[in-house]
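The values are calculated or read from the model by the stated rules, or taken from the named source; none is laboratory data. It should be emphasised that the depicted structure is a prediction, and the values quoted were computed from it without experimental measurement. Virtual Cβ from ideal backbone geometry, glycine too; neighbours counted across all protein chains shown. With ligands, DNA and RNA removed, areas are computed over all heavy atoms of the protein, side chains included. Shrake-Rupley method; radii C 1.70, N 1.55, O 1.52, S 1.80 Å.
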Amino acid sequence: MKDALLAVAVAAGLGLGVATASAEPTGTFRYAEQVKLITMDPQQQSGSGVPYLRPVYESLFERGPDGVPVPLLATGYEVDGLDVTITLREGVAFSNGEAFNAEVAVANINRGVALAIIEGLKTVESAEAVDEFTLRIKLKEPDPAIIDSLCHTGGMMLAPAAIADPALDRNPIGTGPYVYDREASREGEVRVYTPNPTYWDKDKIGLARYEVWELPDDTARLNALKTGQIDAGNWLANPQSAIIDRTPGLKLVRGSGGLNYHVIISDREGTVVPAFADLDVRQAMAHAIDREAFGKAIQFGLAEKSFQPYGKDDWAYDPALEGVYEYDLDKAREYMAKSTFPEGFSFDMPSIPIYQSRLEALAGFFNEIGIRMNIVPQEPGTLARVSRTTSYPATNLVWQTNTDPKFLALRYIYENAAYNPFKTAPSDELLALAEEGLQPVDPAVRAPIYRKMASRLAEEAFLIFVTNTPILFGVSDRTADNETVVYRFGEDSINLRGLKAND
């Protein structure tokens, strides 16, 4: 089966920034990230923090306003079975002057595969150069979402010198519109970016300076927005978001896509916590969560209950799963009573500051059925990384609801899945559904497969879905009125191509 994206689509991809730039970039735009910077190596990046990377690095593709991938450093592609052939933009250089070509792109893809951190590259066997501006990716198995994966960190391109630099985590070199100014930046406080003098599309550089502030404290980030220290930032559904939503001079922007908050029972064979191997225990936990109260009290009415990994506007969403684990304390206690751990048990759960209130609420729900959850603080920005280890028998993360459902298997189901650190073998049914879902390309054909997968996940209850919230941006009125501000589809970042400072 072949699927070609014509090069004419490039115009759509490059039109994401709506403004034409002035002769000289002017002004500063300041953005606040809610997690600290861990690394500027996109192929080592395993959680939040993409806004730190976007000024410097460009991907082969990016999502258009409707979420459909369009070319950026690529000009087109063709899928033929397990072969994905990608043509590249000519005349592009990295900010250090090194040329961008197929050889460099291949080195990036193969490095990402070897590091085995980026979920979107898990289906890739290898990449090879066909000619100077054409590469071919060989897949291990059919992957209808491979181009979508190349819109994100899996498709970000690093300069050869950056790849060879042992200090890459703080010395990024990409093809993006801006370069990292290490001298002007302050570790743990603000990252500063200035125009890339070698950028291939200079008319899209509208700023003299772009800043990303490290403000993991929600109140500090809110105060920075109120006082004009920042122009925009990202937020979870929390008290500060609610305040932004009703404060004159500020606006809460609800972005495309959403975030599904969920609990993951990593140790589902009971290696460390034997109780987690008991299905009755997991189902008791799922019924013990009052999602409506959680959404109102912890997420301030900005969330809705969730019982599956998909959002209501997603093509894989199954309305039949609504309420499958509705809050029912009596039923939860019945499950615990018939389990092999009727007196309860305790376990440790990692937490980062922005999730603390969520976990305190969950701990209260679980305590009602005799389960004691000990909250263990982690450094901001490290939750995804620690969740990939056996340090904890359970964890809590967010899943973007517009993520292709194939990532459920890559994240949680396969024995080598990113968030299956105990290497639990999946049930035969889940494995069969994961493989079946990769065969067709048409979402209409894939949807019934992934609905069955969601139903089976509900039955096994090692993923306990809690709530869905939109991606939230807090902005000043001036930013809200700035027509050059374009939010990336399904991401908590702004497209910098064409972005100008507020008037």
message: Restricting to Cα atoms and excluding each atom paired with itself, what does the Kirkwood estimate give for segment 381-503 in Å?
response: 17.2 Å
- request: May I ask you to derive the relative contact order of the chain, considering only C-alpha pairs under 8 Å and at least 6 residues apart, and to give it as an integer percent?
  value: 22 percent
- request: Evaluate the Debye formula for segment 402-457 with equal point scatterers sitting on the alpha carbons, no solvent, and hand back log10 of I(q)/I(0) at q = 0.20 Å⁻¹, in q order, two decimals.
  value: -0.67
task: Give Lys338/Lys423; Lys138/Lys500; Lys305/Lys500; Lys204/Lys305; Lys138/Lys305; Lys36/Lys251 a once-over and call out the pairs whose C-alpha atoms are over 32 Å from each other.
output: Lys138/Lys500; Lys305/Lys500; Lys204/Lys305; Lys138/Lys305
statement: About its Cα centre, the chain carries a charge dipole, from +1 on Lys and Arg Cβ atoms and -1 on Asp and Glu Cβ atoms, whose size in debye to the nearest 20 is 800 debye
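Can you compute the charge dipole magnitude of segment 284-353 about its Cα centre, using +1 on each Lys and Arg Cβ and -1 on each Asp and Glu Cβ, nothing else charged? Give it in debye, rounded to the nearest 20.
120 debye
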Overall Cα dimensions of segment 206-326 - principal axes, largest extent first, Å: 56, 34, 30
statement: Between the Cα axis of helix 102-115 and the main Cα principal axis of the chain, the angle (0 to 90°, nearest 10) is 20 degrees
task: Take each of the peptides 138-145, 494-501, average the number of other beta-carbon atoms within 10 Å over its residues, and list them starting from the highest.
output: 494-501, 138-145
- line: Heavy-atom accessible area with a 1.4 angstrom probe orders Val130, Val35, most exposed first, as Val130, Val35
task: Compute the accessible area per residue over segment 343-409, keeping the other protein chains in place, probe 1.4 Å, unit Å².
output: 35 Å²
field: Reachable aspartates and glutamates, given that their alpha-carbon falls under 18 Å from the alpha-carbon of Lys202 and they are not under 8 places away in the same chain
entry: Glu24, Glu58, Glu90, Glu98
- request: Determine the gain in length on full extension of the stretch Ala116-Glu429; use 0.36 nm per residue of separation and subtract their C-alpha separation, reporting nm with one decimal.
  value: 110.1 nm
Whole-number percent relative contact order across segment 76-228, with pairs defined as alpha carbons under 8 Å at least 6 apart: 20 percent
message: Less than 15 Å Cβ to Cβ from Lys331, Lys/Arg counted +1 and Asp/Glu -1: what total charge do the surrounding residues give?
response: -3
Order of exposure, largest accessible area first, which applies to Asp503, Asp201, Asp131, Asp481 with probe 1.4 Å: Asp503, Asp481, Asp131, Asp201
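If you place +1 on the Cβ of every Lys and Arg, -1 on the Cβ of every Asp and Glu, and leave all else neutral, what size is the dipole of segment 172-279 about its Cα centre, to the nearest 20 Debye?
Dipole magnitude for segment 172-279 comes out near 460 debye.
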Amide hydrogen neighbours beyond the local backbone of Val376, cut-off 5 Å, H modeled: Met349, Ser351
field: Cα lying deepest toward the dipole's positive end in segment 303-391, options Pro309, Ala361, Ile371, charges on Cβ
entry: Ile371
- prompt: Using a 1.4 angstrom probe and counting only protein chains, how large is the accessible area of Thr26 in Å², to 10?
  reply: 80 Å²
task: Rank these by accessible area, largest first, 1.4 Å probe: Arg170, Arg385.
output: Arg385, Arg170
query: Rounded if a/c is under 1.5, else prolate if a/b is larger than b/c, else oblate: which is segment 279-329, with a ≥ b ≥ c the root eigenvalues of its Cα gyration tensor?
result: oblate
- prompt: Given a cut-off of 16 Å, what percent of all Cα-Cα pairs of segment 164-255 lie beyond it?
  reply: 64 percent
field: Cα-based Rg and Dmax for segment 32-140, where Dmax is the largest Cα-Cα distance (Å)
entry: 14.4, 42
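Would you calculate, for the chain, the mean residue ellipticity at 222 nm contributed by helices, counting each DSSP H stretch of 4 or more residues as -39,500 (n - 2.57) and dividing by all residues, to the nearest 500?
About -6500 deg cm²/dmol.
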- line: Here the Kirkwood hydrodynamic radius of the chain, Cα-based and in Å, equals 23.5 Å
